[in-house]
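Asker: Before I ask anything, here is the structure I am working with.
Derivation of every value follows stated rules applied to the coordinates shown; laboratory data play no part. A quick note: this is a predicted structure, and the numbers were derived from the prediction, not measured. Reconstructed Cβ throughout: ideal geometry from the backbone, glycine too, with neighbour counts over all protein chains shown.
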Amino acid sequence: MVLAGDGIGPEVTDAALRVLDVVVRRAGVAVEVTTGVIGGAAIDATGEPLPAVTLAQVDRNSPVLLGAVGGPRWAKGPRPEAGLLELRRYMGLWANLRPFEVFAGLEDQSPLKRPHGIKGLIIRELTGGAYFGEPRGRGGEGEQGWALDTMIYHRYEIERIVRLGFQYAERAAVPLTSIDKANVLESSRLWRETVEQVREDFPAVMVQHRLVDAAAMDLVIHSDQFQVVVTENLFGDILSDLAGGLVGSLGLLGSSSVSGQPGTRGLFEPVHGSAPDIAGQGLANPVGALLSLVGLMRWSWQDDALADAIEIAVKEALRSGARTRDIGGSDSTESFTQAVIKQLQT
Ligand code: NAD
Ligand code: IPM
Ligand code: MN
């Protein structure tokens, strides 16, 4: 099912659906697409960012392609973002796979001096840490007013995400970079301990423990050293937007929010947000949404042929010069999508 959400969300999911339509028609498979509401759009319709009607739909249909949620219109009252967080928790999606790559032809859009071949995967823990820790809240008044968030991790939460990181690193025969703040945070010390435990099961995988501050610098300076990264929720959120900067635009990153085994349902969501500054103008880059659809096909449908077709068409469209404004071109969402469809038809 599709949850388009707010801002550019509907613009980019619409592009993804049109590309999906072309590939499934060509492959002769039938796909039923249903739509539901989330975020600000759901608040407008029902008063809640994740209404029961959406959850009921999620339970009947899987997997889910998401656009984006949030925007200045919903600054007061219930927050659209709460709907997305609740959906991730409801679906039990503890792992968020965020690949980044400098695409051929887009090297000039990267701020790096040597962007060629930069390609990596950030594996972000998605249902723990400061995002969900209790207690949280506000108290006091005036100068004594306070706000509290709790960053908490249980060993099992760390173990499963770290194990996934080892599996990816092992399969790609590259080192695993674990990013934490173990010089300050207790939760990071448990994180590091757990990495040391799990590595016993993966003797062939080299492990680098990195502190998040220096790792952020190194992601810029030595981007090629970060092939498979595993990190906690908040650090992963921040570092993946940094990776968007490295490849030339946040609009280029897709992601897969998953749990357990491939072949199960998940939530497939661009890394970017609702981009209120360009929403409604037909300027959004749909690549993040298209690559999220690719992630859906690989993870939930286990259909590499369909996924490859779209991924190759996107890369070829970019290589042949199709570019939205964020990556230095003048294409609209629509004309870029047409360029991808044209690639699919050749
Ligand atoms: P943003 O990711 O929406 O935008 C950051 C910048 O990147 C903006 O200049 C925007 O124009 C640009 N950008 C992002 N995606 C683009 C695309 N596909 N094509 C072209 N340019 C693109 O981040 P923000 O402005 O900090 O947040 C706006 C809202 O989105 C907030 O309410 C935030 O909470 C929400 N948000 C939602 C998600 C999500 O739904 N997964 C993710 C991040 C932020
Ligand atoms: C993301 C977003 C979300 C997050 C927000 C909108 C809750 O920034 O998907 O990266 O912080 O996880
Ligand atoms: Mn984010």
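Asker: Want the number for Asp277 to Met206: 0.36 nm per residue separation, take away the alpha-carbon distance, what's left? Before the final figure, lay out each step's value.
Answerer: Details: separation 71, 0.36 × 71 = 25.56 nm, distance 4.25 nm.
Gain in length upon complete extension: 21.3 nm.
Asker: Still on this structure, please answer the following. Just the C-alpha atoms of the chain: what Rg/Rh do they give, with Rh taken as the Kirkwood radius?
Answerer: Over the Cα atoms of the chain, Rg/Rh equals 0.96.
Asker: Just Arg136, Arg160, Arg114 to compare: in a GNM of the chain, with alpha carbon springs under 10 Å, which one fluctuates most?
Answerer: Checking each option, the largest mean-square fluctuation is seen for Arg136.
Asker: Under the 0.36 nm per residue contour assumption, what length would be gained going from the current alpha-carbon distance of Leu185 and Val53 to full extension?
Answerer: Numbers: separation 132, 0.36 × 132 = 47.52 nm, distance 3.96 nm.
Extending this stretch completely gives an extra 43.6 nm.
Asker: Could you give the length gained on full extension between Gln167 and Lys76, defined as 0.36 nm per residue of separation minus the Cα-Cα distance, in nm?
Answerer: 28.5 nm
Asker: Per the Kirkwood definition applied to all pairs of different Cα atoms, how many angstroms is the hydrodynamic radius of the stretch 262-346?
Answerer: Final number for the Kirkwood radius of the stretch 262-346 is 13.5 Å.
Asker: Between Glu134, Glu86, Glu32, where does the largest GNM mean-square fluctuation fall for the chain, given springs only between Cα atoms within less than 10 Å?
Answerer: Most flexible of the set in this elastic network: Glu32.
Asker: Looking only at Pro262, Pro175, Pro286, which one moves most when the chain is put into a Gaussian network model with springs between Cα atoms under 10 Å?
Answerer: Pro262
Asker: If a/c stays under 1.5 just call it rounded; otherwise compare a/b with b/c (prolate if a/b is bigger, oblate if not). Do that for the stretch 1-110, with a ≥ b ≥ c from the square roots of the Cα gyration tensor eigenvalues. Working shown, then result.
Answerer: Numbers: a/c = 1.82, a/b = 1.27, b/c = 1.43.
The shape class here is oblate.
Asker: Please give me the summed charge of the neighbours of Val207: other residues whose Cβ is under 15 Å from its Cβ, Lys and Arg +1, Asp and Glu -1. Show your work: numbers first, answer last.
Answerer: Working: positive: Arg163, Arg192, Arg199, Arg210; negative: Glu159, Glu170, Asp180, Glu193, Glu196, Glu200, Asp201.
Summing Lys/Arg as +1 and Asp/Glu as -1 gives -3.
Asker: Shifting gears a bit: Dimensions of the stretch 83-197 along principal axes (Cα, Å, largest first)?
Answerer: Sorted largest first, the three principal extents are 54, 36, 33 Å.
Asker: Could you tell me the extents of the stretch 177-250's C-alpha atoms along the three principal axes, largest first, rounded to whole Å?
Answerer: Cα spread of the stretch 177-250 along its principal axes, largest to smallest: 37, 28, 18 Å.
Asker: Using only helices, what value at 222 nm comes out for the chain when you add -39,500 (n - 2.57) per DSSP H run of length 4 or more and divide by the total residues, to the nearest 500 deg cm²/dmol?
Answerer: Only helices count here, giving -13500 deg cm²/dmol.
Asker: Between Glu196 and Arg26, what is the label-to-label distance in nm when each label sits 7 Å out along the Cα-to-Cβ direction?
Answerer: Inter-label distance under the simple model: 5.2 nm.
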